[in-house]
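Take a look at the structure set out below.
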Amino acid sequence: MTFRDLDLTYVESHGIPPLPEPDEQGSVENEGARIWYASHGSGPAVILLHGGMGNSGNWGYQVPAIVEAGYRAVVIDSRGHGRSTRDAREYSYQLMAADTRAVMDRLGIEKAAIVGWSDGADTALILAQETPERVAGIFFFACNVDDTGTKPFVFTPVIGRIWQQHQKDYAAFSATPGDFDALSAAVETMQRTQPNLSAAALAGISVPVAAVLGEFDEFIEQEHMTYLAKTLPDATLHDLPGLSHFAPLQAPDVFNGAVMTFLTSILR
């Protein structure tokens, strides 16, 4: 039977499957923070960047599949999230892109494909804008590139369940387990004004991009993803029917299949 958790009740009762034992893990000091990472498997590098308030464990359904397909899966806890720390400065996608480069440097990865989910997608896009030679391509899942791309926030039980999971994970992993609300406020401040990429800026990002959105995404407008795919020079648009912002957890086979198709097209 094909696994489905469309309403995230399985996540609510069982959590997300843990990541496999890594071949290498550690942390790197960068720009006032200690950034945690783990590397699994061997082959062409695929970096997975999670969304806001999440952590690398959100990729529990993806890492084993990527490793089995013959790639090296690298997960990173964004600054202040999971096992990573943060300093007092304001969040920016540029700062998180620099953190990603620091992990790549530590692991000796000159170039990688990036799978980005929500905030992780924007981090990947900024990384490609700043250092395109480091990015083989971006699986850009469910994020906006300016303030026209977001829907008005409407709370749903699904959002409540993933938020509860994020709170549990933060309490378990963070060196500052009482700071979840402060982190949330800091991330929200960034999201209100960033990124703010013009059409001209997008036209200058030349790496291959798969612009991907679930049919029922709770946060991102479908028209915005269409705009992104049309404006980036080397982009394709992909819909995930019946899924939402949480597709990697709702239907791992569907999400992973889309990821594998993209990786095969750029990592030949």
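The values are calculated or read from the model by the stated rules, or taken from the named source; none is laboratory data. Predicted model only: the values in this text are computed from it and were never measured. Positions of Cβ are generated from backbone atoms using ideal geometry, with glycine treated the same way; all protein chains shown enter the neighbour counts. Surface accessibility is based on the protein's heavy atoms, side chains included, excluding ligands, DNA and RNA. Shrake-Rupley method; radii C 1.70, N 1.55, O 1.52, S 1.80 Å.
Looking at the chain, what % of its DSSP beta bridges pair antiparallel, to the nearest 5? List each step's numbers first, then the result.
Numbers: 12 of 37 bridges.
If I count the DSSP bridges inside the chain, around 30 percent turn out antiparallel.
Show me the trypsin sites (Lys or Arg not before Pro) within region 89-119 that DSSP assigns to loop and that have at most 13 other Cβ atoms within 10 Å of their Cβ.
On the way: sites: R89, R101, R106, K111; in loops: R89, K111.
Within region 89-119, the qualifying trypsin sites (Lys or Arg not before Pro) (loop, at most 13 other Cβ atoms within 10 Å) are R89.
Between T131 and V154, what length comes free when the chain is fully extended (0.36 nm per residue of separation minus the Cα-Cα distance, one decimal in nm)? Display every interim value, and only then the final one.
On the way: separation 23, 0.36 × 23 = 8.28 nm, distance 3.60 nm.
Working it through step by step, the gained length comes to 4.7 nm.
Using a 1.4 Å probe on the protein chains only, how many percent of the accessible area of region 83-168 belongs to carbon and sulfur?
That share works out to 51 percent.
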Anisotropy class of region 3-82 from Cα gyration tensor, a/c 1.5 cut: oblate
Scanning the chain for helices, which whole DSSP H stretches are 15 Å or more long along the axis (Cα) and average -1.0 or more by Kyte-Doolittle? 93-107, 119-130, 157-173, 180-193, 252-266
Taking only C-alpha positions in the chain, Rg and Dmax in angstrom work out to 16.8, 48
Zone reached by a paramagnetic label modelled 7 Å from D147 Cα along Cα→Cβ, restricted to region 204-224 with backbone N below 17 Å, covers 220-221
Just to confirm, what accessible area per residue do you get for region 182-268 at 1.4 Å probe, in whole Å²? 43
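Give me the percent of accessible area attributable to carbon and sulfur for region 20-67, probe 1.4 angstrom. Please list the in-between numbers first.
On the way: 700 of 1580 Å².
Reported share for carbon and sulfur atoms: 45 percent.
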Name the aspartates and glutamates eligible as straight-distance cross-link partners of K151: C-alpha to C-alpha under 16 Å, and not fewer than 8 places from it in the same chain. D119, E188, E215, D217, E218, E221, E223
Share of carbon and sulfur in the accessible heavy-atom surface of region 187-227 [1.4 Å probe, %]: 55
Check the straight Cα-Cα distances from K168 and name the aspartates and glutamates below 16 Å, setting aside those fewer than 8 residues away within the same chain. E12, D77, D179, D181
Pairwise label distance in nanometres, T226 with E188, each label 7 Å out on the Cα-Cβ vector: 3.1
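Counting other C-beta atoms within 10 Å, and keeping those with at most 16, which DSSP coil chymotrypsin sites (Phe, Trp or Tyr not before Pro) do you find in region 122-200? Each step should come with its number before you reach the end.
On the way: sites: F139, F140, F141, F153, F155, W163, Y170, F173, F180; in loops: F153, F155.
Within region 122-200, the qualifying chymotrypsin sites (Phe, Trp or Tyr not before Pro) (loop, at most 16 other Cβ atoms within 10 Å) are F153, F155.
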Suppose the chain between T236 and E31 were pulled fully straight at 0.36 nm per residue; how much longer would it get relative to their current alpha carbon spacing? 70.4 nm
Cβ charges +1 (Lys, Arg) and -1 (Asp, Glu), total dipole of region 129-256, debye: 120
Within region 86-129, find all residues whose amide N lies under 15 Å from a label point positioned 7 Å from the Cα of S206 along Cα-to-beta-carbon. 128-129
Give the long-range amide H neighbours of A235: residues separated by 5 or more places, or on another chain, with amide H under 5 Å away, using H modelled in the peptide plane at 1.01 Å from N. V209
